[in-house]
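Everything below concerns the one structure shown next.
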Amino acid sequence: MSTPKVFESEYRFCLILWENEPVKSTALVKLCKERLGWSKATTYTVIKRLCERGVIRSEDAVVSSLVSKEEVQAAEIDELVEKTFEGSLPAFIAAFTRHSKLKPEEVSQLRQMIDRFEEE
């Protein structure tokens, strides 16, 4: 099953949810007002939309996620690589590193990830 699409404003909402879940919807409305400047109606509309798409659930006025932050981030990266770099991860990495120099510890972390991937 693929991860449902989460749009930018929904992602900011999800960041609040992931940090506080499970959370009562009334508390979530307050958090969204404080952090995003959203009205109660906007927050409830986003809750409804994300529930319909299977991103979150709201039962007995308690909201919790059905997909993790990592799953949403991975799906977004997959879409970016597919759409912008024709599915080529090396092209993505080349473009990313072309304008920002990697620190030695980042290079080491990438090597470790590649080594783990090759072992699997």
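Where a number appears in this text, it was derived from the coordinates with a stated rule and is not lab data. From a predicted model like this one, the values you see are computed outputs, not experimental measurements. As a convention, Cβ positions derive from the backbone with ideal geometry for all residues, glycine included, and neighbour counts pool all protein chains shown.
Look at the alpha carbon pairs under 8 Å that are at least 6 residues apart: their mean separation over the length of the chain gives a relative contact order of 24 percent. Mind checking segment 64-120 for trypsin sites (Lys or Arg not before Pro) that DSSP puts in a loop (not H, G, I, E or B) and that have at most 16 other Cβ atoms within 10 Å? Sites meeting the loop and neighbour criteria: LYS101. For segment 52-118, applying the loop criterion from DSSP together with a ceiling of 10 other beta carbons within 10 Å to the GluC sites (Glu not before Pro) yields GLU86.
In this rough spin-label picture, where each label sits 7 Å from Cα along the Cβ direction, the ARG57-LEU89 distance is 3.2 nm. Leaving out same-chain residues fewer than 8 places away, which lysines sit with a Cα under 20 Å from that of LYS69? Answer for LYS69, where 20 Å is the Cα cut-off: LYS5, LYS24, LYS48, listed by chain and number.
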